[in-house]
Amino acid sequence: MLEQLDKIIGGRPVSIPGPTPGRTDTIGRHKIYRRKEPHKSPWKPSLERSPNLVDRVLWRTLCDLANAKASWPLFLYGPVGTGKTCAALAFLDQAAGGGLYATVNDLVDWMLHHYESQSRWDWMESAGLMVIDELGTRTREVDVEYQAIKGAADAREHSPTIWVSNLRSEGIAGLYDERIYSRICCGTWYELKGNDRRFSP
Ligand SMILES: Nc1ncnc2c1ncn2[C@@H]1O[C@H](COP(=O)(O)OP(=O)(O)OP(=O)(O)O)[C@@H](O)[C@H]1O
Ligand SMILES: [Mg+2]
């Protein structure tokens, strides 16, 4: 039997936003199970990431999400270099059930090359967990970027997804619009604070 992620980490839920008004609080709650064998996922292989170096409260929040105690998606935001990408990948490395990682730029590239495909979002819908990184860093293809984010957000609505950004939620609403904000910010939020760990690990 697969172990749940929190069996190895433990901890109690801390600072998880309450249910959004107007929604039942079970929407978007999906369990994620831990891989049996340690595994480094193929995404960003050169980036070293350890679960032990992830902010403890963030890790507990991820475990709560994995145990269906909080609602997906996770909107993970904070200043440059605070460890957002490493945290998301460390979690993805441990998750069973098929994981995907893409930056918004990757999604834009992919849209530009596969725009005609009818089933272009199917593979994304079937992933057990998806990390979408660098939201808000604006590519040159503004219209395609909007469609890529909207398509991904629709494909992953209420599914286990981690959206990573340097922008706060109001920045997302301002840069894109309320439709994107609604899809990305309807679950759990976590602000990762601190110094740029590239300078002071
Ligand atoms: N869990 C971790 N394991 C190992 N190293 C880490 C971890 N978290 C942070 N670091 C260190 O901090 C650096 C910055 O982390 P990361 O790239 O995740 O930041 P970020 O918040 O995604 O930054 P940006 O906003 O620029 O994308 C990493 O290159 C690594 O050296
Ligand atoms: Mg990053």
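The combined condition, being at pLDDT 95 or above and away from ligand 2 (no atom under 16 Å from the Cβ), is not fulfilled by VAL80. Against the numbered list (1) within 16 Å of ligand 2 (Cβ to nearest atom); (2) within 15 Å of the chain's Cα centre (by Cα); (3) hydrophobic (A, V, I, L, M, F, W, C), TRP59 comes up short only at (1). Taking the criterion of being farther than 24 Å from LYS44 by Cβ, away from ligand 2 (no atom under 14 Å from the Cβ) and out of contact with any Asp or Glu (no Cβ under 8 Å at 6 or more places or on another chain), would at least one residue in the range 161-170 satisfy it? Scanning the range 161-170, I find at least one residue that is farther than 24 Å from LYS44 by Cβ, away from ligand 2 (no atom under 14 Å from the Cβ) and out of contact with any Asp or Glu (no Cβ under 8 Å at 6 or more places or on another chain), so the answer is yes.
List the number of the failed condition for GLY99; all other conditions in (1) more than 14 Å from ligand 2 (Cβ to nearest atom); (2) surrounded by fewer than 21 Cβ atoms within 10 Å (Cβ to Cβ); (3) at pLDDT below 95 hold. Going through the list (1) more than 14 Å from ligand 2 (Cβ to nearest atom); (2) surrounded by fewer than 21 Cβ atoms within 10 Å (Cβ to Cβ); (3) at pLDDT below 95, GLY99 breaks only (2). Within the range 72-116, the set of residues being under 16 Å from ARG156 (Cβ atoms) and out of contact with any strand residue (DSSP E or B) (no Cβ under 8 Å at 6 or more places or on another chain) comprises ASP106, MET111.
What number of residues in the range 21-39 are part of a loop (DSSP other than H, G, I, E, B) and modelled with pLDDT under 90?
Qualifying residue count, the range 21-39: 12.
The values are calculated or read from the model by the stated rules, or taken from the named source; none is laboratory data. Model, not experiment: these values are computed from the prediction. FYI the Cβ positions are ideal-geometry reconstructions off the backbone, even for glycines, and counts take in every protein chain you see.
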